[in-house]
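Trainee: Before we start, here is the structure in question, set down as structure tokens.
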Amino acid sequence: MSTRKPFVAGNWKMNNFVADAVSLAEGLKALVSGVDTVDIAVCPTYTSLYAVGKVLAGSTIQLGAQDAYVKASGAYTGEISPQMLQDVGCTWTIIGHSERRHILGESDEFLNEKLRFALASGLKVMFCIGELLEERKGGTMEAVLERQTTKGLDGLSADVAAGVVIAYEPVWADQAEDAHIFVRGVVEKMFGKDCADRVRIQYGGSVKADNAAELIAREHIDGFLVGGAALKADSFAAIINACK
Ligand code: PGA
């Protein structure tokens, strides 16, 4: 187990109407109310943020968004700014999720701009990286992870970089820790050992209640970014409890 405080975040993706999101948040809040050795966040859709934020107020569960734009306000139809996310109670945002990289076509450069603007605006960031299956099979996994990390974190100070949570979304679960060690090495090359020792790297590959304990026991796995298993309060709470 690492010495870094585990951070478990639920990425609800494009799921849940407001009423479902509220009852999921209420259920989770009841299940993890005493947990203080794990940082916990949930990332609902934009339309549920305000309502979920009200449910979570006063709890230790933090509110996160799934993305944030690179401007504070203005003529950017359809986008949401870090300032607006903070206005509804968010302290975190995800940036660079694989679905945004590959379905929405967001580039390394654009994601770096998003990361820097979110941080400068006072949001904390889970920054996602991960290779595609073809890249893994083609032997370019390390090159892809190095490029995404280097371009993504470009321009940050070591102190700011240490506060970014890197979420690795792998293809093969059995090699999860190798990738984490590799990415921590890239961070060390960029920002030095102190930063690399502090930075938390979440594992984001279909974590479930039954494999969370084994994964969190690894030195270089500092928590999870959970998709499917975060959509039920009891399975997400079981993952959180495995990290205590
Ligand atoms: P999953 O999603 O846990 O459903 O694999 C993780 C993610 O994509 O954030």
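The values are calculated or read from the model by the stated rules, or taken from the named source; none is laboratory data. For clarity, every value in this text was computed on a predicted model and none was experimentally measured. A quick note on method: Cβ atoms are made from the backbone with ideal geometry, for glycine too, and the neighbour counts reach across all protein chains shown. SASA here: full protein model, heavy atoms, side chains in, ligands and nucleic acids out. Shrake-Rupley method; radii C 1.70, N 1.55, O 1.52, S 1.80 Å.
Trainee: When you go through (1) surrounded by fewer than 15 Cβ atoms within 10 Å (Cβ to Cβ); (2) modelled with pLDDT of 95 or more one by one for Trp172, which number turns out not to apply?
Mentor: Status for Trp172: all satisfied but (2).
Trainee: Hey, another quick one. Kindly indicate whether Glu79 is open to solvent by 50 Å² or more (accessible area, probe 1.4 Å) and in contact with a Lys or Arg (Cβ under 8 Å, 6 or more places away or on another chain).
Mentor: Criteria met by Glu79.
Trainee: Among the listed residues Val35, Val70, Val55, identify the single one that is of a type in the set (Val, Ile, Thr) and part of a helix (DSSP H, G or I). Give the steps one after another, and end with the answer.
Mentor: Values: Val35 fails: part of a helix (DSSP H, G or I); Val70 fails: part of a helix (DSSP H, G or I).
Val55 is the lone residue from the list that is of a type in the set (Val, Ile, Thr) and part of a helix (DSSP H, G or I).
Trainee: Let me ask another. Just give me the residues in segment 51-69 being among the small types (Gly, Ala, Ser) and surrounded by fewer than 21 Cβ atoms within 10 Å (Cβ to Cβ), in sequence order.
Mentor: Restricting attention to segment 51-69, the residues satisfying the condition of being among the small types (Gly, Ala, Ser) are 51, 53, 57-59, 64-65, 68.
Result: Ala51, Gly53, Ala57, Gly58, Ser59.
Trainee: Here is a further query. Which members of segment 191-244 meet the condition of being of a type in the set (S, T, N, Q) and either part of a loop (DSSP other than H, G, I, E, B) or under 21 Å from Glu26 (Cβ atoms) (or both)?
Mentor: Within segment 191-244, Ser206, Ser235, Asn241 qualify.
Trainee: Given the conditions (1) within 12 Å of the ligand (Cβ to nearest atom); (2) surrounded by 19 or more Cβ atoms within 10 Å (Cβ to Cβ), report the number of the one that Ser206 does not fulfil.
Mentor: (2)
Trainee: Inspect segment 125-141 for any residue being modelled with pLDDT of 95 or more, over 26 Å from Ala238 (Cβ atoms), outside any strand (DSSP E or B) and open to solvent by 40 Å² or more (accessible area, probe 1.4 Å) and give the result as yes or no.
Mentor: No, segment 125-141 contains no residue that is modelled with pLDDT of 95 or more, over 26 Å from Ala238 (Cβ atoms), outside any strand (DSSP E or B) and open to solvent by 40 Å² or more (accessible area, probe 1.4 Å).
Trainee: In the set Asp197, Asp234, Asp222, which member is closer than 22 Å to Gly130 by Cα, among the charged types (D, E, K, R) and within 16 Å of the ligand (Cβ to nearest atom)? Full working, then the answer.
Mentor: On the way: Asp197 fails: within 16 Å of the ligand (Cβ to nearest atom); Asp234 fails: closer than 22 Å to Gly130 by Cα.
One residue alone meets the criteria, Asp222.
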